[in-house]
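For reference, the structure is listed below as structure tokens.
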Amino acid sequence: MFDLFVAMAPDELDNLSGAVAARDVSGAREAAHRFKSAAANAAAPRLSELLQKMEDEAPQSAWDSLDNDLTLVREECDRVTDYMRADA
């Protein structure tokens with residue numbers, strides 16, 4: 001399961017980043033939702049919580065907050081995938 005998450009996380013992060021950069025409300029919400037589910041299934045609760053926050057903020061067009069959250073998501077994703085690679 002860790003291998004799958006590590007393999008797909010960069011694409012999910014790129015999708016989320018692209019939607020936020022484009023200020024695409026539905027794209028950002030959908031990307032955060034998909035990535036959140038994957039993080040939850042991979043037992044990454046902090047990452048899942050951050051992505052839930054982004055999913056909730058997207059319909060409000062809270063772009064400053066979403067930009068900040070995206071930085072936190074990147075950092076947490078790096079931490080999680082580094083841990084998963086080390087544990088493999």
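The values are calculated or read from the model by the stated rules, or taken from the named source; none is laboratory data. Note that the structure is a prediction, hence the values are computed from the model and not measured. So basically every Cβ, Gly included, is an ideal-geometry build from the backbone, and we count neighbours across all protein chains shown.
Summary of computed values
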quantity	calculated
Every residue from the range 61-88 that is in contact (Cβ under 8 Å) with a residue 40 or more places away in the chain and in a helix (DSSP H, G or I)	Trp63, Leu66, Asp67, Leu70, Val73, Arg74, Cys77, Val80, Thr81, Met84, Arg85, Asp87
Search result, residues across the range 15-29 that are in contact (Cβ under 8 Å) with a residue 40 or more places away in the chain, in a helix (DSSP H, G or I) and out of contact with any Asp or Glu (no Cβ under 8 Å at 6 or more places or on another chain)	Leu16, Ser17
Among the residues listed as Ala32, Ala9, the single one being within 21 Å of Ala86 (Cα to Cα), within 11 Å of the chain's Cα centre (by Cα) and assigned to a helix (DSSP H, G or I)	Ala9
Members of the range 35-61 found to be among the hydrophobic types (A, V, I, L, M, F, W, C) and either closer than 23 Å to Leu4 by Cα or within 11 Å of the chain's Cα centre (by Cα) (or both), listed by number	Phe35, Ala38, Ala39, Ala40, Ala42, Ala43, Ala44, Leu47, Leu50, Leu51, Met54
Of residues in the range 63-88 being in contact with an Asp or Glu (Cβ under 9 Å, 6 or more places away or on another chain) and among the small types (Gly, Ala, Ser), the one nearest to Ala19 (Cα to Cα)	Ser65
Qualifying residue in the range 43-52 (condition: modelled with pLDDT under 95 and either touching a Leu at 6+ places or on another chain (Cβ under 6 Å) or surrounded by 13 or more Cβ atoms within 10 Å (Cβ to Cβ) (or both))	yes
Single match in Ala43, Ala58, Ala38 (criterion: in a helix (DSSP H, G or I) and closer than 25 Å to Asp82 by Cα)	Ala38
Yes/no for Leu70 being closer than 26 Å to Arg85 by Cβ, surrounded by 12 or more Cβ atoms within 10 Å (Cβ to Cβ), modelled with pLDDT of 95 or more and touching a Lys or Arg at 6+ places or on another chain (Cβ under 9 Å)	no
